[in-house]
Every structure is written in C-alpha cells, then in structure tokens.
Amino acid sequence: MFITLIVGWAADSNGETEQMKVTEVDTVFVGNSLTEGGDWNRLLGQSGLINQGVSGDTHRDILARIEYVPEARRYFILVGINDLSMGFSKEMIVDGIRRIVEALQSRSPSAVFYLQSVLPVNESMFGFFPFSNRDIAELNVLIERLAREIPAAEYLDIRPGFQNEKGELAAGLAVDGLHLSPAGYEVWADAIRHLFAAASTEGG
C-alpha cells in the first residue's frame, strides 16, 4: 500500500499554503497541456487517477517538479511537442524522458512506465509549427527505442487513431491543429482502455 504523498500546494482560508495529499495512488498521467486536458477518470471509467499534466511543460519543467509527482503503481508519460517547439533536439528530449523515468523509478521502484507516442499536428489548422510531422515521427522512433531499453517501460503508439490520410492530426479530433477536442480524447482513451480492463481483471 502506498503511503500518504505530497502532490502539490494550495492556500487555506487564511492564505497560508498547505500541502495537498493523496493516498494509495495507482496511476498517474504525466505530461503537458494535452495530458492536462483529459478528464481521465471519466474517460476511462475509473476513480482516483491522478492528472499531472501541466500546460506548456517540457521535459525540463517536468523534471523541475518531479518531487510533486506522487509515487504510483504505473505512469502514463507523454512529452515532446513543446520541447520540439522550443528547439530541443530529439536526443535531448529522449534523454529527458529517460531522466523522468529514472527519477520516478527511484521512488516507485516497482512501477510500470507507459511511454506514449507524441501525436501528429495539423499545420493547416494551426498556421505554423517550427517542426514537422516527420520530426515527430523521428522522435517517436527514439522514444520507442528508449522504452525497449528500460525493462519497466512499454511504448504505446497511440498515433494511428489520430492520423488522417496525410499523416496529420485529423481535423475532427482537434480544436486548433494541436490541442484535442472531446472526440480526440475519446480516441486517446480507447487506445489505452485495454490496460485498465486488464488491471481490473488482475485485481479480482
């Protein structure tokens, strides 16, 4: 059983900050605004899933707040799109993901890490990206390779359900060519739902 864990800070009625705590964490989602926008408990028919997505985060931002990511049995990690926007090389991004896993693993040594593929974008909707879908595809190859190098990690390629015939993010699944619509989150949930069904079976 997991002990009580610090996951963030909040102000009380007197304006003083106090530690927010949660107990017995099973699953934590870690990432940027794409992760943050998902109501994972509702989407997956679960309770107690922790959403640690923060808008604008890169691997460096996640590492900077890693102590506030709770210990858990498993982690779903999606990071990379903001990193590409900020000019980080693909190798630096993957090294950052490796360090995220190592930092979490040091506190949750039995955890499983699901490294999710970075989603494609739709430039015609968004206007301009300082990277291409080819860059995203190349980054995903490296993320998949990283997952094979880490015994406790598994690569989840969630892209197929999001791509149109050109390999872009399908317009019906996005609000602006990058961020997902409600339909987009349903596609994401469908891509990982089997992992929660399996966990429920194992649990009895």
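Just to verify a result, which residue in segment 99-115, among those that are under 14 Å from VAL30 (Cβ atoms) and in a helix (DSSP H, G or I), is farthest from the chain's Cα centre (by Cα)?
ARG107
Residue by residue through segment 98-123, note down the ones that are within 24 Å of GLU168 (Cβ to Cβ) and among the aliphatic types (A, V, I, L, M).
The answer is LEU115, VAL118, LEU119, VAL121.
Collect the residues in segment 148-186 that are in a helix (DSSP H, G or I) and either touching a strand residue (DSSP E or B) at 6+ places or on another chain (Cβ under 8 Å) or within 19 Å of SER132 (Cβ to Cβ) (or both), keeping them in residue-number order. Lay out the reasoning, then the answer.
First pass over segment 148-186, keeping only residues in a helix (DSSP H, G or I): 148-149, 160-162, 171-173, 182-186.
Correct list: ARG148, PRO160, PHE162, ALA171, LEU173, GLY184.
Quick check on my filter: what residues within segment 79-110 are among the small types (Gly, Ala, Ser), out of contact with any Pro (no Cβ under 8 Å at 6 or more places or on another chain) and surrounded by fewer than 19 Cβ atoms within 10 Å (Cβ to Cβ)? Step through it out loud before you land on a result.
Residues of segment 79-110 among the small types (Gly, Ala, Ser): 80, 85, 87, 89, 96, 103, 106, 108, 110.
Filter again for out of contact with any Pro (no Cβ under 8 Å at 6 or more places or on another chain), leaving 80, 89, 96, 103, 106, 108, 110.
Answer for segment 79-110, where residues must be among the small types (Gly, Ala, Ser), out of contact with any Pro (no Cβ under 8 Å at 6 or more places or on another chain) and surrounded by fewer than 19 Cβ atoms within 10 Å (Cβ to Cβ): SER89, ALA103, SER106, SER110.
Please go through segment 51-68 and give me each residue that is surrounded by 20 or more Cβ atoms within 10 Å (Cβ to Cβ) and either at pLDDT below 95 or among the acidic types (Asp, Glu) (or both), ordered by number.
ASP57
Residues that are surrounded by fewer than 19 Cβ atoms within 10 Å (Cβ to Cβ) and closer than 18 Å to PHE196 by Cβ: does segment 27-37 have at least one? Walk me through how you get there before you give the answer.
Residues of segment 27-37 that are surrounded by fewer than 19 Cβ atoms within 10 Å (Cβ to Cβ), as a first pass: 33, 36.
Right, trim to closer than 18 Å to PHE196 by Cβ and you get none.
No, segment 27-37 has no match at all.
Restricting to segment 133-173, what's the tally of residues that are within 12 Å of GLY184 (Cα to Cα) and over 19 Å from the mean Cα position of the chain (by Cα)?
Going through segment 133-173 one residue at a time, the tally reaches 3.
Does segment 70-85 hold any residues that are over 12 Å from the mean Cα position of the chain (by Cα), under 15 Å from VAL54 (Cβ atoms) and not in a helix (DSSP H, G or I), and which are they?
The one that is over 12 Å from the mean Cα position of the chain (by Cα), under 15 Å from VAL54 (Cβ atoms) and not in a helix (DSSP H, G or I): PRO70.
Filter segment 120-147 for residues that are part of a helix (DSSP H, G or I) and in contact with a strand residue (DSSP E or B) (Cβ under 7 Å, 6 or more places away or on another chain); which is surrounded by the fewest Cβ atoms within 10 Å (Cβ to Cβ)?
MET125
Check segment 28-48 and report whether any residue there is of a type in the set (Ser, Thr, Tyr) and either closer than 23 Å to PRO130 by Cβ or at pLDDT 95 or above (or both).
Yes, segment 28-48 contains at least one residue that is of a type in the set (Ser, Thr, Tyr) and either closer than 23 Å to PRO130 by Cβ or at pLDDT 95 or above (or both).
The values are calculated or read from the model by the stated rules, or taken from the named source; none is laboratory data. The structure presented is a predicted model; accordingly, all values stated were derived computationally and were not measured. When we count neighbours, we look across all protein chains shown, and the Cβ atoms used for this are built from the backbone with ideal geometry, even at glycine.
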